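Participant: This is the structure, below, for whatever I ask next.
Only the coordinates and a few stated rules stand behind these numbers; no lab work does. Everything quoted here is computed from the prediction, not taken from an experiment. Here the Cβ positions follow ideal geometry from the backbone for every residue, glycine too, while neighbour counts run over all protein chains shown.
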Amino acid sequence: MARKILVLAETREQVLRNVSYEVIAAGKEISEGGEVVSVLIGENISSLASELIHYGADRVVTVEDAKLSTYTPDGYAQALLATIKEENPEAIIIGHTALGKDLSPKIAAKLQLGLISDVTAIEITGGNVIFSRPIYSGKAFEKQIITDGLIFATIRPNNINPLRKDDTRTGETHSLSVEIKDLRTIVKEVVRKATEGVDLSEAKVIIAGGRGVKSEEGFEPLKELAHVLGGAVGASRGACDANYCDYSLQIGQTGKVVTPDLYIACGISGAIQHLAGMSNSKVIVAINKDPEANIFNVADYGIVGDLFEVVPLLTEEIKAL
Ligand code: FAD
């Protein structure tokens, strides 16, 4: 059953975020040979449309306005609702990002739709689109379908692989004029926290430190390993609470949810609240001096040892490759 799917592209400072390509891949699967239309909202972003087409979008709708240069709930909701009205899709897919988590309930409420959030897998059986999503902090998964109205879901980032880029693909881009008005909140200023290296939420490799790292300086060997692997540094809440690092690095139930290709947990015990944020990583390596640590129950590879010996050794070995 061919469907028309609307997917939301996300940008930051006029650069497309990876999730923009992941929602296209999810849309393709659900469309069953139908059409995937990518919506691009912002200011001066129309030049990005061809990139979305190269990653599999059949068509792109742009909504441009100076008031959309940064995300505001009202502005984006007005732009997306106008696009939904114009395109009349059978499904809407948005990334389960900070933006998507804020925007999707507003759209669902406005259109009286059901919403399935934080989807990690999609299957199509007997004409039904079945979405899997984690529950109880990732201890179990449930499968949901939408029985009435539009299919509306948010997709966990770094979980569905983008399609292979094809620079020869072509598709139509259409600019939709939407009057953006009555914004109840506007962004006056963005004060960026100094973060080094790769963005944690999009990193393919994460080296995470826990209370076992023991101090702010204890993070240095982890940073070096992250550097040689082109990855990002993350942390448990234990490490953040102990002031070894900033809370922006926290991974887990009350931190970021990450699904990198490689997650190296150093001196992290593996509390359920931490696992909720990283247990879907593709390969997990745990380094812990306690052989009974719970982190080994989710690890693909475990190293029982002192992280201050193991991490520098790993870095040296990888540098020598
Ligand atoms: P610990 O549990 O103290 O573990 C430290 C580990 O380091 C131990 O296993 C030890 O064997 C090992 N170690 C020590 N020295 C070395 C060494 N030299 N080499 C190797 N290993 C060593 N936690 C999160 O992480 N993220 C969350 O989002 C989160 N949300 C929470 C929400 C709620 C409502 C609650 C109640 C808790 C939450 N927590 C969260 C906290 C969580 O329960 C744990 O307390 C926390 O994850 C523990 O952090 P840790 O593993 O770094 O520390």
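Participant: Could you tally the net charge around residue 160, taking each other residue with its Cβ under 11 Å from the Cβ of residue 160, Lys/Arg +1 and Asp/Glu -1? Before the final figure, lay out the partial values.
Facilitator: Working: positive: 28, 156; negative: 22, 29.
It works out to a net charge of 0.
Participant: Right, here's the next one. Label point 7 Å out from residue 86 along Cα-to-Cβ: which residues of the stretch 10-50 have amide N under 17 Å?
Facilitator: 10, 36-50
Participant: So, R0 is 30 Å and r is the distance between the beta-carbons of residue 300 and residue 66; what FRET efficiency does that work out to, to 0.05?
Facilitator: Details: r = 48 Å, r/R0 = 1.60.
Efficiency for this residue pair is about 0.05.
Participant: Arrange the following residues from fewest to most other Cβ atoms within 10 Å of their Cβ: 308, 141. List each step's numbers first, then the result.
Facilitator: Values: 308 16, 141 12.
Fewest to most other Cβ atoms nearby, the residues stand as 141, 308.
Participant: Report Rg (one decimal) and Dmax (nearest whole number) for the stretch 137-213, counting Cα atoms only, units Å.
Facilitator: So, for the stretch 137-213, Rg and Dmax equal 20.3, 54 Å respectively.
Participant: Next up: For 113, 68, 80, 8, which order do you get if you count the other beta carbons within 10 Å of each Cβ and list the fewest first? Present the calculation step by step, with values, prior to reporting the outcome.
Facilitator: Numbers: 113 17, 68 20, 80 23, 8 26.
In order of increasing Cβ crowding within 10 Å: 113, 68, 80, 8.
Participant: What area, in nm² and to one decimal, does the C-alpha convex hull of the stretch 102-162 cast on average over all directions? Don't skip to the end; give the middle numbers.
Facilitator: Details: hull surface 20.1 nm².
That works out to 5.0 nm².
Participant: Then there is this: Sorted by packing (mean other beta-carbon atoms within 10 Å per residue), highest first, where do 148-157, 51-60 land? Don't jump to the answer; show the numbers that get you there.
Facilitator: Values: 148-157: 20.9, 51-60: 22.5.
Ranking the peptides 148-157, 51-60 by packing returns 51-60, 148-157.
Participant: Would you order 306, 65 from fewest to most other beta-carbon atoms within 10 Å of each residue's own beta-carbon? Walk me through the intermediate numbers first.
Facilitator: On the way: 306 13, 65 17.
Least to most surrounded, the residues fall as 306, 65.
Participant: What is the extension gain from residue 32 to residue 187, computed as 0.36 nm multiplied by their sequence separation minus the C-alpha to C-alpha distance, in nm to one decimal?
Facilitator: On the way: separation 155, 0.36 × 155 = 55.80 nm, distance 3.91 nm.
Separation in residues times 0.36 nm, less the Cα-Cα distance, equals 51.9 nm.
Participant: Can you give me the distance in nm between label points at residue 282 and residue 164, each placed 7 Å from the Cα along the Cα-to-Cβ direction?
Facilitator: 1.5 nm
Participant: For the stretch 83-221, with equal point scatterers placed on the C-alpha atoms only and solvent neglected, what are the log10 I(q)/I(0) values from the Debye formula at q = 0.11, 0.16 1/Å, to two decimals?
Facilitator: -0.67, -1.18
Participant: Can you compute the FRET efficiency between residue 179 and residue 2 using 1/(1 + (r/R0)^6), with r the Cβ-Cβ distance and R0 = 30 Å? Round to the nearest 0.05. Let's see the in-between values first.
Facilitator: Values: r = 33 Å, r/R0 = 1.09.
So, using R0 = 30 Å, E works out to roughly 0.35.
Participant: Shifting gears a bit: Quick one: work out the % antiparallel among DSSP beta bridges in the stretch 22-177, nearest 5.
Facilitator: On the way: 10 of 27 bridges.
So the antiparallel bridges amount to about 35 percent of the total.
Participant: Additional query: How large are Rg and Dmax for the chain when only the alpha carbon atoms are used, in Å?
Facilitator: 20.9, 60
Participant: Something else now. Apply the Kirkwood formula to the stretch 248-298: the hydrodynamic radius equals the inverse of the mean of 1/r over all pairs of different alpha-carbon atoms; give it in Å with one decimal. Don't skip to the end; give the middle numbers.
Facilitator: Numbers: mean 1/r = 0.0925 Å⁻¹.
In the stretch 248-298 this quantity evaluates to 10.8 Å.
Participant: Please report the antiparallel percentage of the DSSP beta bridges confined to the chain, to the nearest 5.
Facilitator: Bridges in the chain that DSSP calls antiparallel: roughly 20 percent.
Participant: Just add up the charged neighbours of residue 53: K/R +1, D/E -1, any other residue whose Cβ is under 11 Å from the Cβ of residue 53. Working shown, then result.
Facilitator: Values: positive: 59, 165, 169; negative: 51, 58, 166, 167, 172.
After counting each charged neighbour, the total is -2.
Participant: Please work out how much length the chain gains when fully extended from residue 44 to residue 247, using 0.36 nm per residue of separation minus the C-alpha to C-alpha distance, in nm with one decimal. Numbers along the way, then the final one.
Facilitator: On the way: separation 203, 0.36 × 203 = 73.08 nm, distance 3.26 nm.
Answer, rounded to one decimal: 69.8 nm.
Participant: What order do you get for 210-223, 248-261, 170-183 when each peptide is scored by the mean count of other beta carbon atoms within 10 Å, highest first?
Facilitator: Details: 210-223: 18.8, 248-261: 20.4, 170-183: 13.4.
With the highest mean Cβ count within 10 Å placed first, the list reads 248-261, 210-223, 170-183.
Participant: Next question, about the same structure. Give me the one-decimal nm value for the distance between modelled label points at residue 141 and residue 214, 7 Å along each residue's Cα-to-Cβ direction.
Facilitator: My value for the distance between the label points is 3.9 nm.
Participant: Here's another thing I want to ask about it. Students often get this wrong, so check it: of 193/289; 67/223; 28/85; 139/193; 139/289; 143/256, which have C-alpha atoms separated by over 29 Å? Before the final figure, lay out the partial values.
Facilitator: On the way: 193/289 33 Å; 67/223 38 Å; 28/85 21 Å; 139/193 33 Å; 139/289 25 Å; 143/256 23 Å.
In this structure, 193/289; 67/223; 139/193 lie more than 29 Å apart at Cα.
Participant: Here is a further query. At 222 nm, what value in deg cm²/dmol follows for the chain if DSSP H runs of at least 4 each add -39500 (n - 2.57) and the sum is divided by all its residues, to the nearest 500?
Facilitator: Working: 8 runs with 84 residues, N = 321.
That calculation yields -8000 deg cm²/dmol at 222 nm.
Participant: Can you tally the net charge around residue 135? Count Lys and Arg as +1, Asp and Glu as -1, for every other residue whose Cβ sits under 10 Å from the Cβ of residue 135.
Facilitator: Working: positive: 133, 139; negative: 118, 142.
With Lys, Arg at +1 and Asp, Glu at -1, the neighbours total 0.
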